[in-house]
Amino acid sequence: MQRRMHSREFKLEVVRQIVTGQKRPAQVCREYGLAESVLLRWRKEYQQRGESAFVAQQSEPSSTQEQRIAELERFCGQLALENQVLKKALQSRGSGSGMS
């Protein structure tokens, strides 16, 4: 089954017809050959975003992503350092007690 792609204008027009009471959801589904689940998803997005619905949302700006990556790299380095310290402590404890 092939997915149909509908324009932003089409989606807005369909949802506006329902919101304004011009047409009922079942009527719109029949007229345009839409599944009820598709119409529900469109209505939900329109309720959440209003007239800015059906436009791809901007992802995080690259500078924010770069900051997050740097933060995670610092954290990874800190964990690696702590891991080394713990390994040395375990080795010295093991050799000092006569075990091993």
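Quick look at the numbers
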| item | result |
| --- | --- |
| Mean Cβ neighbour count within 10 Å, used as a protection proxy, ranking 10-17, 85-92 highest first | 10-17, 85-92 |
| Between helix 62-96 and the chain: long-axis angle, C-alpha atoms, 0 to 90°, nearest 10 | 30 |
| Dipole in debye (nearest 20) - the chain, about Cα centre, beta carbon charges: Lys, Arg +1; Asp, Glu -1 | 400 |
| Label-to-label distance, nm, for residues given as Cys76 and Tyr32 (7 Å Cα→Cβ offset) | 4.5 |
| Distance (nanometres) between label positions extended 7 Å along Cα→Cβ at Val19 and Lys87 | 5.9 |
| Dipole of the chain, positive end: most advanced residue of Leu90, Ala35, Thr20 [Cβ charges, Cα centre] | Ala35 |
| Relative contact order [Cα under 8 Å, 6+ residues apart], the chain, whole percent | 19 |
| Rounded tilt (10° steps) of 8-19 against the dominant C-alpha axis of the chain | 70 |
| Partners for Lys11 among lysines (Cα-Cα distance below 16 Å; same-chain residues under 8 apart left out) | Lys23, Lys44 |
| Computed over the chain, Kirkwood Rh from alpha-carbon pairs, angstrom | 18.9 |
| Descending principal axes extents, segment 8-52, alpha-carbon based, whole Å | 26, 20, 15 |
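No value in this document is a laboratory result; all are computed from the given coordinates. All values derive from a computational prediction rather than experimental measurement. Cβ coordinates were reconstructed from backbone atoms using ideal geometry, including for glycine residues, and neighbour counts include every protein chain displayed.
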